[in-house]
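Please read the structure below before turning to the comments.
The values are calculated or read from the model by the stated rules, or taken from the named source; none is laboratory data. Bear in mind that the values here come from a model prediction, so they are computed numbers and not experimental data. Heads up, the Cβs are rebuilt from the backbone with ideal geometry, glycines too, and the neighbour counts pull from every protein chain shown.
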Amino acid sequence: MKILQLDTKSIRFEMIRPEATVYEDVEKKAYSADDAVVLLVSVESGDTDADAKKAVEDAERFMKAQKRSRLVIYPFAHLSSNLERPEKALSILKIMRAAAEGMGIELVSAPFGWNKSLSLDIKGHPMAEQSRSYGSGAADKKEIRARNAKDEIDTAIVRKSDFSGLPETDHRVIGERLDLFSFQEVSPGSVYWHNNGLIIYRELTRFIREIIAEKGYKEVSMPTLSNLALWGVSGHLEHFRNNMFIVDMDGERLGMKPMNCPSTILVYKSRKWSYKELPFRAACFDRVYRNEISGALTGLFRVREMTQDDAHLFIREDQIGEELNSVIELISRVYDTFGLKYTINLSTMPENHLGDEKVWHRATDIVKEILDRKGIKYQVKDGEGAFYGPKIDIDAFDSLGRKWQCGTVQVDFQLPMRFGIEYTGEDGKQHAPVIIHRALLGTLERFIGIMIEHYQGRLPVWLSPVQARVISISEQANAYAGRVYDELRKSGIRTEFDDSDKTLEYKIREAQMQKIPYMLVIGKKEEEKNTVAVRDRSGKTRFGMALEEFIKGTRDEIEFRRQ
């Protein structure tokens, strides 16, 4: 049994038509529930009544911790390819429903066997999305899958994901067309970055590195694998274990890091600190790993291997205001660069939290005071903070009006105490620092997916993998066009050269399909006048432009990261 457990603000679904030979009669066509825990359930071959009851018991414990009274059990076949036959699957679902009702849970049951339209608004706290697996046959299935994967590799059968049927606006379709990335079955939930996509990835990280260097950040990098004891101290084993990859190595239990904070704390702890040396702003672009179930993976939006533009600020308590101000200014600068409007949310202490409530309230009051002092409008999300501290979430709006949770800022009094980290104060005594966790873009993979859809592939010049393409009209113009191409490359503009014997119309259309910002069309007239004809993506053409003028204008667009 595969389950994706979601803590939602609201869920809405409507029956469209039966899609299975076995389906339940419905009394109404539309259902809705607010503040509900939702279980998206795939019943697999070999699942038992005991598995069904255990799943509901685990959900009930989560509901109590989050103070939720409403549960939605929703059949969702897309989480598994090893589905039970419909009659048995329905029987298992009925066992789950009966177990929930027996516990006194307010239950909404989505009818089995129907094609449904579904709308979800998921809460923002870290435990709002959790994947789970049940079933005694799970080990056998893993073995079979491993053998099948080995057979495929041995016979050189490596298939790519199929994006057919997706809308043209989907980032997976655009990404495949522009040769940005691919997904391979041998590495589920991981991105294979092609050269064009890697350019975007590196430009984003370069942008963030540049602006945080101005603020005095230092970059660190840590191992992927750490003994489970580390994750026990940090609280991740208690609060995040279901989403961790855990491995055995020479009798030692190791966890692949789902977050960078515990390892960064060890970097801080490796030496002694004075109050004069704080803040210590540690940035990190390491990859992290989260064990999402396969059916929940969605292109770049939801992956198992990801990179965050992560940072941890080790500060004195009297520096919280100044550092939060600095982070908020960075957020404004970043989102203005992409032309993204955004809203700010303040998420407060969840029921399942670390530490003393008085410390939590003090941290929350400090964050509120900073936001109020800056005149920033924000919405309070009660109970949706991280398990170690209140947080500011950044919800960005793309060109289609859709809202995306991207950056986050968290004020943490708890982990410094759990790890026993200190600095020597002005009074000569030892004090625990405060940690501000922050990510500006959030997950780079997800942000790139958002950008691709926001711009529909027409990325700003500074982000475009190819910034200009030189197009020669005829063989006679190839020599001059080649010199233009060389000058552009020397100037640092990412350039391609099309001197093929295809028609001019075909060459222009091909460049437009690749969303290349500028096409420099070179013919006899341009060679005679020592100029270029510049055509942009919208189809506007400027004739007789001096090459130096084009280079200067384009370099300015790149340097100042203009939209």
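Overview of results
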read-out: Hits in region 469-518 (condition: of a type in the set (Ser, Thr, Tyr), over 28 Å from Gln563 (Cα atoms) and surrounded by fewer than 17 Cβ atoms within 10 Å (Cβ to Cβ)); value: Ser474, Ser500, Thr503
read-out: Number of the condition not met by Phe543 [criteria: (1) of a type in the set (Phe, Trp, Tyr); (2) more than 20 Å from Gln476 (Cβ to Cβ); (3) touching a helix residue (DSSP H, G or I) at 6+ places or on another chain (Cβ under 9 Å)]; value: (2)
read-out: Tally of residues being closer than 21 Å to Arg290 by Cα and either of a type in the set (D, E, K, R) or surrounded by 19 or more Cβ atoms within 10 Å (Cβ to Cβ) (or both) across region 78-123; value: 3
read-out: Qualifying positions in region 188-210 - loosely packed, with under 13 Cβ neighbours inside 10 Å and in contact with an Asp or Glu (Cβ under 9 Å, 6 or more places away or on another chain); value: Asn195
read-out: Residue check, Asp51 within 25 Å of Arg302 (Cα to Cα), outside any loop (DSSP other than H, G, I, E, B) and in contact (Cβ under 8 Å) with a residue 12 or more places away in the chain; value: no
read-out: Which listed residue, of Val26, Val56, Val41, Val37, is closer than 22 Å to Ser81 by Cβ and β-branched (Val, Ile, Thr); value: Val41
read-out: Inter-residue pairs, beta-carbon under 6 Å, first free of Cβ contacts under 8 Å to residues at least 60 places away in the same chain and not assigned by TED's automatic domain parsing to the domain that holds Glu548 and in region 472-490, second crowded, with 17+ Cβ neighbours inside 10 Å and assigned to a helix (DSSP H, G or I), 6+ apart; value: none
read-out: Residue check for His454: of a type outside the set (Asp, Glu) and out of contact with any helix residue (DSSP H, G or I) (no Cβ under 8 Å at 6 or more places or on another chain); value: yes
read-out: Qualifying residues in region 397-421 (those that are charged (D, E, K, R) and either part of a strand (DSSP E or B) or not assigned by TED's automatic domain parsing to the domain that holds Trp360 (or both)) - the one surrounded by the most Cβ atoms within 10 Å (Cβ to Cβ); value: Asp412
read-out: Count of region 546-563 residues which are out of contact with any helix residue (DSSP H, G or I) (no Cβ under 7 Å at 6 or more places or on another chain) and closer than 22 Å to Ile452 by Cα; value: 7
read-out: Residue in region 59-71 that is closer than 15 Å to Gln130 by Cβ and assigned to a strand (DSSP E or B) present; value: yes
read-out: Whichever residue in region 242-263 is in a helix (DSSP H, G or I) and within 25 Å of Ala55 (Cβ to Cβ) and, among such residues, is nearest to the chain's Cα centre (by Cα); value: Asn243
read-out: Failed criterion for Val334 (all others in (1) within 30 Å of Arg458 (Cβ to Cβ); (2) without any contact (Cβ under 8 Å) to a residue 24 or more places away in the chain hold); value: (2)
read-out: Tally, over region 8-41, of residues that are surrounded by 13 or more Cβ atoms within 10 Å (Cβ to Cβ) and part of a strand (DSSP E or B); value: 19
read-out: Considering residues of region 343-364 that are surrounded by fewer than 19 Cβ atoms within 10 Å (Cβ to Cβ) and modelled with pLDDT of 90 or more only, the residue nearest to Lys64 (Cα to Cα); value: Asn345
read-out: Selected residue (criterion: nearest to Lys9 (Cα to Cα)) from residues of region 61-80 that are of a type in the set (Gly, Ala, Ser) and touching a residue at least 60 places away in the same chain (Cβ under 8 Å); value: Ala65
read-out: Qualifying residue in region 243-263 (condition: of a type in the set (Gly, Ala, Ser) and touching a residue at least 60 places away in the same chain (Cβ under 8 Å)); value: no
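The rows are residues; the columns are (1) over 30 Å from His171 (Cα atoms); (2) assigned by TED's automatic domain parsing to the domain that holds Thr264; (3) outside any helix (DSSP H, G or I).
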position: Thr364; (1), (2), (3): yes, yes, no
position: Lys368; (1), (2), (3): yes, yes, no
position: Asp372; (1), (2), (3): yes, yes, no
position: Glu384; (1), (2), (3): no, yes, yes
position: Asp395; (1), (2), (3): no, yes, yes
position: Leu441; (1), (2), (3): no, yes, yes
position: Val461; (1), (2), (3): no, no, yes
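Residues checked against (1) surrounded by fewer than 21 Cβ atoms within 10 Å (Cβ to Cβ); (2) in a strand (DSSP E or B); (3) in the same structural domain as Val434 (by TED's automatic domain parsing); (4) among the polar types (S, T, N, Q):
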| site | (1), (2), (3), (4) |
| --- | --- |
| Ser226 | yes, yes, yes, yes |
| Phe240 | yes, no, yes, no |
| Ile265 | no, no, yes, no |
| Asp309 | no, yes, yes, no |
